[in-house]
Amino acid sequence: MSDEMGIFEVMYNCRAMRRIKPDPVPEELLLKLADAGNHAPTGSNVQNVRWVIVRDPETKRQLAEENRKHLTAFMAADTVEELPHHPKAKRDRMREAVIWQIEHMHEIPALVIGCLEFSEAQADPTRAGGGGYVWPAVQNVLLAARALGLGATPTTLGLRDRARVKEILGLPDTVEAYCMMPVGYPMGNFGPVTRLPVEETVHWDQW
């Protein structure tokens, strides 16, 4: 059914889904997500994006604790109650969903982590530049999840402590984790995303 969605329908309805059922996701669907990510472009076609798909309860628990620690601190410092395109009521609902995910991340069936494999260990500036390879792959995973009826949303705060994340995931020194996507069947309903009109974001020829 969902495989027949058009690409624009998928993009325009790829809502962040944070409330996820604990029901297991078939392994073949998780591999399909990773394969979709692998079809994104990489510089010089090096194809060095890697995936760690976490289903083990103890590993999920440890990652959930990292997420709780860093996301709780971030939310405490975030005093923005509304934005011109994001009224307070809608922002409050988003925060409630974020809090739900903090409390239940260990119960979500799969945590898909987008990584990059380098030829040698990386210092921060070089590591940061590697994101240009990972993010197109992450977007492919999110779009594929939507097309397959799976809920997902990207998060990075739970990966802030690089050393701890490497320890939890057993990553070698040459591999860096960039993005974590909790994936599963959504509790809520899919729907259109709300975005600024293109007329407000496009400039022709010059700013």
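Restricting attention to segment 105-134, the residues that are touching a residue at least 24 places away in the same chain (Cβ under 8 Å), out of contact with any Gly (no Cβ under 6 Å at 6 or more places or on another chain) and assigned to a loop (DSSP other than H, G, I, E, B) total 6. Annotation: of all residues in segment 172-196 being among the aliphatic types (A, V, I, L, M) and either farther than 18 Å from Ala123 by Cα or more than 15 Å from the chain's Cα centre (by Cα) (or both), the one that is surrounded by the fewest Cβ atoms within 10 Å (Cβ to Cβ) is Leu196. Taking the criterion of being open to solvent by 60 Å² or more (accessible area, probe 1.4 Å), acidic (Asp, Glu) and part of a helix (DSSP H, G or I), the residues of segment 65-104 that qualify are Glu65, Glu96, Glu103. For segment 21-53, the set of residues classified as out of contact with any Pro (no Cβ under 8 Å at 6 or more places or on another chain), over 23 Å from Leu171 (Cβ atoms), of a type in the set (D, E, K, R) and in contact (Cβ under 8 Å) with a residue 24 or more places away in the chain consists of Lys32 only. Scanning segment 1-58 for residues that are of a type in the set (Val, Ile, Thr) and in contact with a Lys or Arg (Cβ under 7 Å, 6 or more places away or on another chain), we see that the one that is farthest from Leu150 (Cα to Cα) is Val54. Taking the criterion of being touching a residue at least 60 places away in the same chain (Cβ under 8 Å), within 30 Å of Leu196 (Cβ to Cβ) and loosely packed, with under 12 Cβ neighbours inside 10 Å, would at least one residue in segment 135-145 satisfy it? No, because not a single residue in segment 135-145 is touching a residue at least 60 places away in the same chain (Cβ under 8 Å), within 30 Å of Leu196 (Cβ to Cβ) and loosely packed, with under 12 Cβ neighbours inside 10 Å. Restricting attention to segment 1-56, the residues that are among the small types (Gly, Ala, Ser), open to solvent by less than 50 Å² (accessible area, probe 1.4 Å), within 21 Å of Pro136 (Cα to Cα) and part of a helix (DSSP H, G or I) total 4.
The values are calculated or read from the model by the stated rules, or taken from the named source; none is laboratory data. All values reported here derive from a predicted model rather than from experimental measurement. No Cβ is skipped: glycine too gets one built from the backbone with ideal geometry, and neighbour counts run over all protein chains shown. Note: areas computed on protein heavy atoms with side chains; ligands, DNA, RNA excluded. Shrake-Rupley method; radii C 1.70, N 1.55, O 1.52, S 1.80 Å.
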